[in-house]
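Reviewing the structure listed below.
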Amino acid sequence: MFKVGKVHGENLRELRIGDQYIKWVDRLRCLWVYLVGSKQLKFDISVVLRKVCGVANSFLAKTKYVSDLVKLSLIESFVFPVLMYGLDTFHLSQSQIHKLSVLTTYIVVPLA
């Protein structure tokens with residue numbers, strides 16, 4: 001469980017269900033995105049960015065002798081869905097949108 005809003009800075013007691021305790025955490029993983037507790041709900045998309053870089057680098061390394069047009073088509077089919085999976089459900093900040101834009105440019109420009 002994690003805290004959002006007015007209670008974010010407060011020390012709350014652990015919840016108990018039977019003989020098990022549930023601790024309070026600062027971040028909670030949902031899909032590939034971490035929900036970050038603060039005064040407002042925030043999202044950490046760094047995991048998504050790292051996974052997409054890994055997928056793109058692996059993909060480009062294994063398609064060394066394939067034409068750029070085919071690579072671009074395959075990236076649109078296999079890499080970008082990894083990037084966009086679930087992101088439409090979250091409110092992203094301008095800096096996060098900029099990071100996504102830079103990443104897509106980093107992946108696509110070498111193929112142009």
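Scanning region 45-70 for residues that are in contact with a Leu (Cβ under 8 Å, 6 or more places away or on another chain) and under 23 Å from T89 (Cα atoms) yields a count of 5. Just so you know, in region 83-98 the residues that are out of contact with any Phe, Trp or Tyr (no Cβ under 8 Å at 6 or more places or on another chain), exposed (fewer than 15 other Cβ atoms within 10 Å of the Cβ) and not polar (S, T, N, Q) include one that is nearest to A56 (Cα to Cα), and it is M84.
This table checks each residue for (1) modelled with pLDDT of 80 or more; (2) part of a loop (DSSP other than H, G, I, E, B); (3) not aliphatic (A, V, I, L, M).
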position: V7; (1), (2), (3): no, yes, no
position: F59; (1), (2), (3): yes, no, yes
position: I75; (1), (2), (3): yes, no, no
position: L92; (1), (2), (3): yes, yes, no
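Do we find that Y106 is hydroxyl-bearing (S, T, Y), in a loop (DSSP other than H, G, I, E, B) and not assigned by TED's automatic domain parsing to the domain that holds Y34 in this structure? For Y106, the condition - hydroxyl-bearing (S, T, Y), in a loop (DSSP other than H, G, I, E, B) and not assigned by TED's automatic domain parsing to the domain that holds Y34 - is not met. For region 77-90, the set of residues classified as in a helix (DSSP H, G or I) and under 17 Å from the mean Cα position of the chain (by Cα) consists of F78, V79, F80, P81, V82, L83, M84, L87, D88, T89, listed by residue number. Checking each residue in region 43-63 for being in contact (Cβ under 8 Å) with a residue 40 or more places away in the chain and either within 12 Å of the chain's Cα centre (by Cα) or at positive phi (or both) picks out F43, I45, L49, V52, C53.
The values are calculated or read from the model by the stated rules, or taken from the named source; none is laboratory data. For clarity, every value in this text was computed on a predicted model and none was experimentally measured. Counting neighbours? That spans all protein chains shown, and the Cβs are built from the backbone with ideal geometry, glycine included.
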